[in-house]
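**Student:** For reference, the structure I am asking about is given below.
The values are calculated or read from the model by the stated rules, or taken from the named source; none is laboratory data. Please read these numbers as outputs of a predicted model, since none were measured by experiment. So basically every Cβ, Gly included, is an ideal-geometry build from the backbone, and we count neighbours across all protein chains shown. Protein only, heavy atoms only, side chains kept; ligands, DNA and RNA dropped before computing areas. Shrake-Rupley method; radii C 1.70, N 1.55, O 1.52, S 1.80 Å.
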Amino acid sequence: MWVAGLLLGVGLGFLVYRWLFDVGRPEPERPVTPAGQLAGDERATVELFEKVSPSVVYITTLQQRVNLWTRNVSEIPAGTGSGFVWDEAGHVVTNFHVIQGSSSARVTLNDHSTYEATLVGVAPNFDLAVLKVNAPASKLHKIPFVGASSGLKVGQKVFAIGNPFGLDQTLTTGIVSALGRTIQGVSGQPIEEAIQTDAAINPGNSGGPLLDSSGRLIGVNTAIYSPSGASAGIGFAVPADTVNRVVPQLIKDGKLAKPEFGAVFDERFSRAVTGQLGIQGALVLGVAENSPAARAGLKPTQRVRGTIIPGDVIQKIGSRAIRSPADVDAVLERLSAGEKVTMRVWREGNEVDVEVVLGK
């Protein structure tokens, strides 16, 4: 009997010993499972980011502050945004609202080198701006491909690269959610043909590129629709067709050269008169002498013996319906000097087509 008790005691002692010495001992490392091949779409996304991200820059804007006691002027950070290198000359494209109200800006390239930027030109009605940095050509990686936005399809994949909340070189993905959107620009003028996407766009993404699956620039990320101010799955981009038309003009002239028309409008007066007439359009208030509008025979508004006689009301330019004078400006900004356009006008109760050759 005592032998059985001895064996039991030895066994219990051995178990206690194992327990005391095994407690706290780390588990052995598990073997690492070799990585498998990335899926085809994953490889394509990685390659796209590696190809385009060197072109994306981080923009910091500054504002001047005056010390009321010492009268010393200093610059403080005002905001951040994104942009991308347009060419080897150092031109950088971003949103107008990124640099709006700032006294200067700094551009940080992909290698984290930072340069003071000079302002080349702005197009507030399209929320676009061009900066320039004097960086070595070896550091400037221009955006590889600029695509056409006119051929986009709802549902195709898109990719956004930018610096949301100051987190540089961030990639988000999504699809084209809708096309042909009209959004309100910072200038108060509508931006037309905007691309809607559900790729996450947050504060700081503004000015960065929106890309298709081939890595082509198809838009410039410019706005989000969100009650909270953060991404809610509805973002907008200025289309590449607009960017490719506006940016070269800004680089060349520093501004957009709107062709001469010569008709004078007043938004409030136009709205009041067309409302009384029960029609939509832009009322021609006046016509400049020897202008394209005068040569085309457009009729201005007149006052005869205290009675206002409405002039022509422009209701359509080409295929574009006109609802207000702002629509006329929006169309003219997309045209060039020398172009001939057909304008349908309301004239004394009748619709008349007028040919106008725009001037310089």
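**Student:** Pull out a ≥ b ≥ c, the square roots of the eigenvalues of the alpha-carbon gyration tensor of the stretch 187-322, then state rounded if a/c is under 1.5, prolate if not and a/b is larger than b/c, and oblate in the remaining case.
**Tutor:** prolate
**Student:** Across the stretch 254-349, how many lysine pairs separated by 8 or more positions, or lying on different chains, have Cα atoms within less than 19 Å?
**Tutor:** 5
**Student:** Let me check I've understood the local charge: for GLU267, count other residues with C-beta under 15 angstrom from its C-beta, Lys and Arg +1, Asp and Glu -1. What total comes out?
**Tutor:** Here the charged neighbours net out to 0.
**Student:** Excluding VAL287 itself, what net charge comes from residues whose Cβ is under 11 Å from its Cβ, given Lys and Arg +1 and Asp and Glu -1?
**Tutor:** So the surrounding residues net to 0.
**Student:** What value, in deg cm²/dmol to 500, does the helix sum -39500 (n - 2.57) over DSSP H runs of n ≥ 4 give at 222 nm once divided by the residues of the chain?
**Tutor:** Rounded to the nearest 500, it is -6500 deg cm²/dmol.
**Student:** At 7 Å along the Cα-to-beta-carbon direction for both VAL32 and GLU50, put a label point, then send me their distance in nm to one decimal.
**Tutor:** The modelled label-to-label distance comes out at 1.9 nm.
**Student:** Under 1.5 on a/c is rounded, so check that first for the stretch 283-360, then, if it is not, pick prolate when a/b is larger than b/c and oblate when it is not; a ≥ b ≥ c are the square roots of the alpha carbon gyration tensor eigenvalues.
**Tutor:** Taking the square roots of the gyration eigenvalues as a ≥ b ≥ c, the stretch 283-360 is prolate.
**Student:** Would you tell me the accessible area of PHE145, worked out with a 1.4 angstrom probe on the heavy atoms of the protein chains, in Å² to the nearest 10?
**Tutor:** Around 100 Å² of this residue is reachable by solvent.
**Student:** Relative contact order, percent, of the stretch 229-324 when contacts are C-alpha pairs under 8 Å separated by at least 6 residues?
**Tutor:** Here the relative contact order equals 22 percent.
**Student:** Which helices, counted as full DSSP H runs in the chain, have an axial Cα extent of no less than 27 Å and a Kyte-Doolittle average of 1.0 or above?
**Tutor:** Long hydrophobic helices here: 2-22.
**Student:** First select every other residue whose beta carbon is under 13 angstrom from the beta carbon of ALA199; then total the charges, Lys and Arg +1, Asp and Glu -1.
**Tutor:** -1
**Student:** Run the accessible area of the chain with a 1.4 Å probe and give the carbon-and-sulfur part as a rounded percent.
**Tutor:** Accessible surface attributable to carbon and sulfur in the chain totals 54 percent.
**Student:** Work out, step by step, the length gained on full extension between ASN350 and GLN302: first 0.36 nm times the residue separation, then minus their alpha carbon distance; give nm to one decimal.
**Tutor:** Net length gain for the segment: 15.5 nm.
**Student:** Oh, and also: Give me the Kirkwood hydrodynamic radius of the chain, using the inverse of the mean 1/r over all pairs of distinct Cα atoms, in Å to one decimal.
**Tutor:** 24.4 Å
**Student:** Compute the distance in nm between two label points, each set 7 Å from the Cα along the Cα-to-Cβ direction, one at LEU119 and one at GLN276.
**Tutor:** The two pseudo-label positions are separated by 4.2 nm.
**Student:** Among ALA105, ALA123, ALA263, which one shows the highest mean-square fluctuation when the chain is modelled as a Gaussian network with alpha-carbon springs under 10 Å?
**Tutor:** ALA263
**Student:** For the chain, what does the relative contact order come out to in percent, with C-alpha contacts under 8 Å and a separation of six or more?
**Tutor:** 11 percent
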